[in-house]
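The values are calculated or read from the model by the stated rules, or taken from the named source; none is laboratory data. All of these numbers come straight from a predicted model, not from anything done at the bench. Every residue, glycine among them, receives a Cβ derived from its backbone with ideal geometry; neighbour counts consider all protein chains shown. SASA here: full protein model, heavy atoms, side chains in, ligands and nucleic acids out. Shrake-Rupley method; radii C 1.70, N 1.55, O 1.52, S 1.80 Å.
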Amino acid sequence: MEREIQTLKEWVEDSGSIVFFGGAGVSTESGIPDFRSVDGLYHQHYDEPPETILSHTYFEQKPEAFFRFYRDKMLCLDAKPNAAHKKLAEWEDQGRLTAVITQNIDGLHQAAGSKNVLELHGSVHRNYCQKCGAFYGVEAVKNSQDVPRCSCGGAVKPDVVLYEECLNEETMSRAVHALRQADMLIIGGTSLVVYPAAGLVNYYRGHKLVLVNKTPTPMDSRADLVVAGPIGQIFSQL
């Protein structure tokens, strides 16, 4: 492990265009549960599975039930950035890292100071009226009852990508561009099983592909370096 961490540190110091691609494992060390771990949302018991509740169809047909689950399980507003978030922001300040591409919706990268964050699945911190387009912060949803309503009477929808919805085309385009320009790609805290997001990593053409994850991924055999372990603990040593 020490050798892998030292190699990663040297590669970072020699790079000037790093892109980081991260998933739920980046935030679990901040206390935010992921979906697929033993104690994640997929293994908790509800009347309907989380992937059903977090679908566009369910949002449209049962909005009150959707928001009960959303407020209870998706708004972790007390969470703070961990060592991984902070290290990435530090690299950006140093001019080494050009973009963070994240599947997370918690806004912790921005809270740590990262500026160029491409949120593939949106953010709980952005919410819009479906009728007039007015913007609402996360507290408006957190403190509302039943379905949050705009002053115009329209329903307010979180700017998060639900199941059955497409990813934002502009965000995807910016992510592809960043990956194509990168001289180093670090993939961290993701099982790389959620598509189309996971397919983005195929746009990287460099020779410093690093995987940092607690468990094996389908891309381990393609990586130039694999570092097994919690990403926050590993990044704290860089």
(request) Based on a Kirkwood Rh over C-alpha pairs, give the Stokes-Einstein translational diffusion coefficient of region 106-210 at 37 °C and viscosity 0.692 mPa s in µm²/s. (result) 207
(request) Relative to the longest principal axis of the C-alpha atoms of the chain, give the angle of the C-alpha long axis of helix 169-181, reported between 0 and 90° and rounded to the nearest 10°. (result) 0
(message) Compute the angle between helix 2-13 and the longest alpha-carbon principal axis of the chain, please, reported from 0 to 90 degrees and rounded to the nearest 10.
(response) 80
(request) Report, for the chain, the % of DSSP beta bridges that are antiparallel, rounded to 5. (result) 25
(request) Name all residues of region 170-191 having a backbone nitrogen under 16 Å from the label point set 7 Å from the Cα of His207 along its Cα→Cβ direction, giving them as ranges. (result) 182-185
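Take the Cβ-Cβ distance between Arg3 and Val147 as r, set R0 to 45 Å, and report the resulting FRET efficiency rounded to the nearest 0.05.
0.25
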(request) Using only Cα atoms, find the angle between the long axis of helix 83-93 and the longest principal axis of the chain, and express it within 0 to 90 degrees, rounded to the nearest 10. (result) 70
(message) Placing +1 on the Cβ of each Lys and Arg and -1 on the Cβ of each Asp and Glu in the chain, which of Gly113, Met1, Val210 has its Cα farthest towards the positive end of the resulting dipole?
(response) Gly113
(message) Per-residue counts of other Cβ atoms within 10 Å, averaged by peptide: what ranking do you get for 224-232, 50-58, 84-92, highest first?
(response) 84-92, 224-232, 50-58
(request) Determine the order of Met1, Met74 by accessible area, beginning with the largest, at a probe radius of 1.4 Å. (result) Met1, Met74
(request) Find out how many positive minus negative residues lie around Asp146, taking Lys and Arg as positive, Asp and Glu as negative, among other residues whose Cβ is under 11 Å from that of Asp146. (result) +2
(request) Measure off 7 Å from each Cα along the Cα-to-Cβ vector at Ala134 and Thr52, then give the distance between these two points in nanometres to one decimal. (result) 3.5
(request) Excluding Lys62 itself, calculate the net charge of residues whose Cβ lies under 12 Å from the Cβ of Lys62, where each Lys or Arg counts +1 and each Asp or Glu counts -1. (result) -4
(request) List the lysines whose Cα lies under 21 Å from the Cα of Lys80, skipping any in the same chain that are fewer than 8 positions away. (result) Lys115, Lys142, Lys214
